[in-house]
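The values are calculated or read from the model by the stated rules, or taken from the named source; none is laboratory data. Nothing here was measured: the structure is a model prediction, and the numbers come from that model. For neighbour counting, all protein chains shown are included, and Cβ atoms are generated from backbone atoms with ideal geometry for every residue, glycine included. To get the accessible areas, we keep the full protein, side chains included, count just its heavy atoms, and leave off ligands, DNA and RNA. Shrake-Rupley method; radii C 1.70, N 1.55, O 1.52, S 1.80 Å.
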Amino acid sequence: MIELKNIEKYYANKGVKNYVLRHVTTTIKQGEFVSIMGPSGAGKSTLLNILGMLEEPTYGTYEFLGEDVTSLNERKRIELYRNHIGFVFQAYHLIDEMTVYENIEAPLLYKKIGGSERKSRIADLLDRFNIVAKKDLFPNQLSGGQQQLVGIARALAAQPSIILADEPTGNLQSA
Amino acid sequence: MFKLNLKIAWRNLWKNKVYAAINIGGLALGLTAFVLMLLYINYEESYDTWTPDLENVYQIRERHDFFTPDNKEHWQDTQDSRIANLLRNKIPNTIAATRVQPDWDFIKGFSVKIANANPIVVSKMKDADSSFFQVFHYDFIQGDEQTALKNVRSVVLKESLAKKLFGTDKVLGKVIKVVMWRDDVGQDLTITGVVAEPKTPQTVKFNALMRTGEEDALPNNASNFHYCQVYAKFNTTDTAQLNSNLQRVYLEHKKLSFSQRKINFKEYYKDGKRPGLKAVSIANVHANPPFQTSWVEKLKPIVGISVFLLVISIINFVNLATAQSVQRAKEVGVKKVLGSYKAQLISQFLIESALQSVSALFLSIVLVEVVLPLFNAHFNVQLSFWHNAQLLTTLSELVGLFIIVTLLAGYYPAWILSNYNPVSVLKGNYENGLRGIALRNVLVVFQFVISVTFIIAIGVMHLQTKFISNKDLGFQRGQLINIKSNYDAKLAERLRTIPGVQYVGTSTQVMGNVFNVSESGYYKNTKLNFNSVTVSMDALPALGVQVVKGRIFSGAYKQDTINSIVINETAAKSFGKQVIGENYYLKRDDKNLVFQIVGVIKDYHNEGFDKVVLPTIYKVTNLGGTSNTNNLLVRFNTDNIAATIDKINVEWKKLYPNYPLEYETMDDAFSNVMDNNNRFINMVMLFSIISVSLSLLGLFALSTFVAKRRTKEIAVRKVLGASNIQIVNLLNKSFLLLVLAANIISWPIAYILIKKWLEGFAYRIDMAVVPFIIATLTSIVIAVLTVSIQARKAAVTNPVNALKYE
């Protein structure tokens, strides 16, 4: 599903190349659960951003679902976001002006999913995450853990092929 | 999606209530001024468009070939009444031509008497010949357009006048008595029609259109003239062709007329003057009045000011929106990774600004409704938002304005926002994603340039106004009235016997009714151009002029009524040092008329201070002048003026029972003259105050956002040991630089604009430095205060809150 070949990423600084990633080659198959581990500064987030097509590698090729997506035009990339990729962020990144319900609904709207289908999916997610009572609250009325639940629910709502989560529990208390 | 975006827009506005209010309120103010101006322009442009028939109607204008003070080419709208027949007989395109009595500004109206009722003065009663309604189409409520003016001594009333006089519009066949001047015997006119008020204003405006027969008759010999306005309807709109025909026919006519009057055509037109006749489409007449500044010219500075006001409010909008974008950055980033197109984001933000500008537009319409009565009173117009013939035009202009404002105000912030790079935003690194700071700085500078320029303008205008109102008029305007009537020895004698009346005199030139008659005379064989004024013996003392050299007219000198002249100081300059006793000649039909200069008086002002006092010659004779002055000056030597005027009224009624007494105090005449100028200054003041406060509101909101953005920085600095003052200075510094830059830019701009304004005054102050300094200081102080309030708030908060929040 995902094939990385010789991915490199560096930042040029005063003529000196600062490598963040070098010679990254890997294959990730459908259904796999992959964790990336390493000390801080190792380039975990950068790799994830490249996987999420938020950043482009300086060198190397990246195939997603058999298609070369190393440099993709915006429209195509957005199509992939809509249908295949879900993000979960360390800092949750819920939209402050939307309620829990609306936050979960947003990706479905972009995916142009019909009203009744939308409702049943959201109801299902709210139920599974046990946050039905919170559906009309705004993010700032929730605790960090609750916000992250909403973030995950939002990522799942569009039923993506892959979920990219960058330290999803980093901001949560370990208990 | 649309619904959700609308919801988000509303929640955002609600969250930032104060800034939304500043945004919408500011924009509404800017729009209000703009809409008022639009209404005014639409009104002026709607002149003479009440029926499509007017497309082929023209006003005929003749080239003015006398000396005018400004030495420019002028076309006058009054001319020889023979021109109408010339059109009828010699121009085949003519469908109809009509002669209309011109408006004389100094006549308020004619006295109208019905049966035994008291006479009342009705304004705008026009005399015309029988063809009037063939040229100008009106809707007749009563009577018939074709036959209404068939007979002489008929009159057609406007519906409003009919109702005012009779209480009904069913007035056909009734008779009114019209008395045109105080000892006119009057004539009975039969009402033959009542017309509805047209939807749009008219150049040839009348309350009653009379056919007394006066305008039908042709002068009986070639040397006699009757002056009138001529309007014609042609069956062509090819003005160029028409005008060349007119010019040809007119030249033939002129040559014939000159040969009948034994004047040498070539000799008369030797010094560059040319005879000319042209037709001006009625649609263009109102915008191009002869001898006057057109409304288009007058409106230019106001258009400029209101556009600036609108621009300032749009700038506020853009500044606040881009500043706010920090708060929206996350939303943009998240939406982008959820799969939103850039275009979708742009349209979302455009919807938000559209929401705000549409509320601003509605608010401005409410404001317009509120201020219209004041505006109408101030500018002497009758504008209405809903009840006007151009409502559709106005509404479509508003829709256009709404679109322009939304795009101007919304597109840039929308573009900035939608361009945020999701990675940097989602990493929490907003600074990288922040754009538009440079532009925002430029806009703040621009706003302050406008505001500072306005403040400087107010300062200089204030000084100029003070200068003018303290300026010596050259005559004493207190205790002086002008009765709108010709001099009549019988009346004057009676008035002189009233206790409290000191002088009774007449002059062709009084403030409020200036009739400049040009005269070319000779002094030691040099030809000189003067303005000639005919006065009675008592006129100069009645005005209270100051004698500089020699004496003014006096009954003790018999020659004074024959060949003495008094000149003003400006005229004295063309005569050299020794003027008293010198001779001045006028050439009349190969004869020399000799006048002796007996005195020089100080220049006195009859018109606004925008006009220079012309070199003037005063005569107590009607040789080369006119005795038809329509001014009767009465100087009192008592403070009880009201009682004295009552006594004058008693005498007046005895002599002229059919014509009411009309007078104006010189104090009123003076304030009328000053009004025009003051009106403009008041407007600039009002607009300046609004623009300065809008700019400050904008700055206030902007500094709030900046302070908020730097909350963390401030907190860290405080923890590191910065004092509150240091924090306040930190925030002030960036804005202070902008305001200083704005000042430097606005100085030359203000200098140029104000110099131009001052040049409009013949009597003006030198450019003052003080307003510039005051404006700079004011802008700096206000800006520092505004920013400091916000900065202090940020500085005194406990750093822990900010750091915990982060």
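Please figure out what share of the DSSP beta bridges in chain A is antiparallel and state it in percent, rounded to the nearest 5. Taking every DSSP beta bridge with both residues in chain A, the antiparallel ones total about 80 percent.
Label-to-label distance, B:V399 versus B:I752, with points set 7 angstrom from Cα along the beta-carbon direction: 3.9 nm. Residues whose amide H comes within less than 5 Å of that of A:Q90, counting only those at least five positions distant or on another chain, are A:D166 (H built at 1.01 Å from N in the peptide plane).
Compactness of segment B:540-583 was expressed as the Cα radius of gyration divided by 2.2 N^0.38 Å, which yields 1.19. Scanning chain B for long hydrophobic helices, with DSSP H runs required to stretch 30 angstrom or more by C-alpha along their axis and to average at least -0.5 on the Kyte-Doolittle scale, returns B:17-45, B:295-338, B:342-379, B:391-418, B:437-469, B:666-709, B:724-759, B:770-796.
Counting only residues at least eight positions apart within a chain, or on another chain, the aspartates and glutamates with an alpha carbon under 16 Å from that of B:K602 are B:D472, B:E569.
Candidates A:G86, A:P57, A:T70 compared by Cα position along the dipole of segment A:47-88: farthest toward the positive end lies A:G86, with charges placed on Cβ. Here's the list of aspartates and glutamates a cross-link from A:K135 could span, going by alpha-carbon distance under 16 Å and ignoring same-chain residues fewer than 8 apart: A:D96, A:E97, A:E102, A:E105, A:D124, A:D127. Taking a ≥ b ≥ c as the square roots of the eigenvalues of the alpha carbon gyration tensor, segment A:2-72 is oblate, as a/c is not under 1.5 and a/b does not beat b/c. To the nearest 10, the accessible area of B:S396 is 70 Å² with a 1.4 Å probe.
Anisotropy class assigned to the protein assembly as shown is prolate, per the alpha carbon gyration tensor with a/c at or over the 1.5 cut-off and a/b larger than b/c. Phi angles across segment A:19-25 convert, under the Karplus curve 6.51 cos²θ - 1.76 cosθ + 1.60 with θ = phi - 60°, into 3J(HN,Hα) values of 6, 9, 10, 8, 6, 8, 10 Hz, Gly and Pro given as x. Other residues with beta-carbon under 10 Å from the beta-carbon of B:S520 carry, at +1 per Lys or Arg and -1 per Asp or Glu, a net charge of +1. Based on the reciprocal of the average 1/r between different C-alpha atoms, the Kirkwood radius for chain B equals 31.9 Å. Checking the cross-link filter: which aspartates and glutamates have an alpha carbon closer than 19 Å to that of B:K718, excluding same-chain neighbours under 8 positions apart? Within reach: B:E806. Summing charges over all other residues whose Cβ lies under 13 Å from the Cβ of B:A722, with Lys and Arg as +1 and Asp and Glu as -1, gives +2. Based on alpha carbons, the Rg and Dmax found for segment A:88-165 are 11.4, 31 Å.
Put simply, the amide H of B:V501, placed in the peptide plane, has neighbours under 5 Å in B:N637, leaving out anything fewer than 5 places away on its chain.
At 222 nm, what value in deg cm²/dmol follows for the protein assembly as shown if DSSP H runs of at least 4 each add -39500 (n - 2.57) and the sum is divided by all its residues, to the nearest 500? After summing the helix terms and dividing by residue count, I get -15500 deg cm²/dmol. Which of the three applies to segment A:45-175, rounded, prolate or oblate, going by the alpha-carbon gyration tensor with a ≥ b ≥ c and a/c under 1.5 meaning rounded? Oblate, since a/c reaches 1.5 and b/c is not below a/b. As a quick test, which of the pairs B:K205/B:K654; A:K9/B:K330; B:K7/B:K335; B:K527/B:K558; B:K466/B:K756 have an alpha carbon distance above 23 angstrom in this structure? Among B:K205/B:K654; A:K9/B:K330; B:K7/B:K335; B:K527/B:K558; B:K466/B:K756, the Cα-Cα distance tops 23 Å for B:K205/B:K654; A:K9/B:K330; B:K527/B:K558. Pairs from the table (B:K255/B:K587; B:K273/B:K591; B:K90/B:K199; B:K126/B:K619; B:K164/B:K647; A:K14/B:K708) lying more than 27 angstrom apart at Cα are B:K90/B:K199; B:K126/B:K619; B:K164/B:K647; A:K14/B:K708.
Per residue, segment B:444-501 exposes 39 Å² of solvent-accessible protein surface, assessed with a 1.4 angstrom probe and all protein chains in place. When the residues B:W104, B:W652 are ordered by accessible surface, computed with a 1.4 Å probe over the protein chains alone, the sequence from largest down reads B:W104, B:W652. In segment B:102-214 the Cα-Cα distances spread across 5 Å bins starting at 0 as 2, 12, 25, 27, 21, 10, 3, 0 percent of all pairs. Between the listed residues B:Q726, B:I754, B:F133, the Cα displaced farthest toward the positive end of the dipole of chain B, a dipole computed from Cβ unit charges relative to the Cα centre, is found at B:Q726.
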